[in-house]
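Asker: If you scroll down you'll find the structure; I have some questions about it.
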Amino acid sequence: MQQKEIPQCASCSQHILDKFILKVLDRHWHSKCLKCADCHALLADKCFSRAGNVYCKEDFFK
Ligand SMILES: [Zn+2]
Ligand SMILES: [Zn+2]
């Protein structure tokens with residue numbers, strides 16, 4: 001019984017079987033699920049977090 005734990009996506013709650021798992025705010029995300037809370041742009045490259053939400057650079061600083 002040595003099953004590896006499969007991380008769950010913080011956005012869609014599905015298990016993440018992707019090769020690359022994003023870890024933001026101590027939670028795991030599919031690369032396609034990490035999106036700006038405001039404009040829903042994909043944030044695979046970089047993101048900014050505030051109060052438990054992630055934002056793109058523009059929405060974070062506006
Ligand atoms: Zn997901
Ligand atoms: Zn945005």
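Derivation of every value follows stated rules applied to the coordinates shown; laboratory data play no part. Nothing here was measured: the structure is a model prediction, and the numbers come from that model. Please note: Cβ atoms are built from the backbone with ideal geometry, for glycine as well, and neighbour counts cover all protein chains shown.
Asker: Once you keep just the Cα pairs under 8 angstrom separated by 6 or more residues, what percentage relative contact order results for the chain?
Answerer: Taking the mean separation of contacting Cα pairs over the length of the chain, I get 21 percent.
Asker: Another one. Around Ala41, what is the net charge, scoring Lys/Arg as +1 and Asp/Glu as -1 over all other residues with Cβ under 9 Å from its Cβ?
Answerer: -2
Asker: Now for a separate question. Given C-alpha coordinates of the chain, what is the ratio Rg to Rh with the Kirkwood estimate of Rh?
Answerer: Taking Rg over the Kirkwood Rh, I get 1.04.
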